[in-house]
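A quick write-up on the structure given underneath.
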Amino acid sequence: MTAKILSGREIAESIKEEVRNEVARLFEEQGFRPGLTVVRVGEDPASAVYVGNKVKTSHELGIVSEHIHLEADTTHDEVLSTVKRLNRRDDIDGILVQLPLPDHIDENAILEAIDPQKDVDGFHPMNVGRLNQGQRSLVPCTPAGVIEILKRSGIGIAGKHAVVVGRSNIVGKPMAALLLKENATVTICHSRTTDLPSITRQADILVAAIGKAGFVRGEHIREGATVIDVGINSVSDIDLAADLFSEEDLPKRLAAIEKRGSTLVGDVNPKEAIEKAANFTPVPGGVGLLTVAMLMKNTVEAAKMRRNL
Ligand code: GUN
């Protein structure tokens, strides 16, 4: 079997187009534009790229967006008071504190300080609880994007066995909650799972969110499964790249390593997944593109919920 590649590009573009139209409608009919503030602390290079994308996409869709960049040595209390100030501002509908935060800052305390109504990441315990109760809430962007990819590609979820590998608060756990809400039978696996391949091979839908380049291999995948790769890893090792990519894809990956020092790889071995899966999301160009689109959607959702629209 050769997998169908589920491109995130068109799906992300459709969602952004829907958001753009909704933003225009809100401005025309209600006289306001949704506002998003992204807070970044320190100099994590990947975070700088992600935040840049979030702010740029906001502007493109008509969302008013600002970026607050605090120095790496900003104290916990200063970050906390920044969040509290944003909670009080009526023109701000969404607050996103980019993770990871520097080690001296208590991440959970900062996330709990965000007004749940403005929590466009869906990381506040109130929103986590609401999601788990199946109530309307703001939902973490990356797992919400995975659901959109499945639905808009016509892949049924109800009644399927979905296996999520990874139990992070950002992806694994909310992913499992969303799949359950869509009536899948859900199994969560993690680093302490015994005989992982025997479980992942039962998956109709396999979601990989582990954070290890190419970890999920052919032996983990049932013939004909849908494999969703949430990982984003930089690979600079040429031998590892040779193990991950087909003869067709390898030359451009090696060229990227040569030119930029690394190439982006997911948590799934793409060469082996393409041979066994029926559907497969590529890295880059898959789930990652949905994350920003869903953040935009959440910002509009937050703006409407806060105004009882
Ligand atoms: N860092 C990596 N992914 C995310 C995300 O979805 N939200 C935030 N706030 N930080 C992240």
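Report the full-extension gain for the segment Glu247 to Gln135: residue separation times 0.36 nm, less the Cα-Cα distance, to one decimal in nm.
35.6 nm
Can you grab the distance from the C-alpha centre of the range 2-55 to the C-alpha centre of the range 116-151, Å, no decimals? Result: 16 Å between the Cα centres. Placing a label point 7 Å from the Cα of Arg192 along the Cα-to-Cβ direction, the residues of the range 149-183 with a backbone N closer than 13 Å are 167.
Using R₀ = 25 Å, calculate the FRET efficiency as 1/(1 + (r/R₀)^6) where r is the Cβ-Cβ separation of Asn169 and Asn87; round to 0.05.
E(calc), rounded to 0.05, equals 0.75.
Of the trypsin sites (Lys or Arg not before Pro) in the range 68-148, the ones in a loop by DSSP (not H, G, I, E or B) with at most 13 other beta carbons within 10 Å are Arg89, Arg136.
Rounded to the nearest 0.05, the FRET efficiency derived from the C-beta distance between Arg306 and Ala256 at R0 = 45 Å is 0.55. Here the residues Val97, Val64, Val207, Val49, ranked from fewest to most Cβ neighbours within 10 Å of their Cβ, fall in the order Val49, Val64, Val97, Val207.
The phi-based Karplus calculation (6.51 cos²θ - 1.76 cosθ + 1.60; θ = phi - 60°) puts the 3J(HN,Hα) values of the range 35-46 at x, 10, 10, 10, 9, 10, 10, x, 10, 4, x, 5 Hz, whole numbers, x for Gly and Pro. Computed from backbone phi, the HN-Hα couplings of the range 70-80 come to 9, 4, 4, 9, 4, 6, 4, 5, 5, 5, 4 Hz, rounded to whole numbers (Karplus: 6.51 cos²θ - 1.76 cosθ + 1.60, θ = phi - 60°; Gly and Pro given as x). Exposure proxy ranking for Thr193, Thr37, based on other Cβ atoms within 10 angstrom of each Cβ and starting from the fewest, stands as Thr193, Thr37.
Within the range 175-263, the GluC sites (Glu not before Pro) that combine a DSSP coil assignment with at most 14 other C-beta atoms in a 10 angstrom radius are Glu223, Glu247, Glu248.
Since every read-out is calculated from the coordinates, none of them should be taken as a lab result. What you see is a predicted model, and the numbers here were worked out from it, not measured in a lab. Cβ sites come from the backbone with ideal geometry, for glycine too, and all protein chains shown count toward neighbours.
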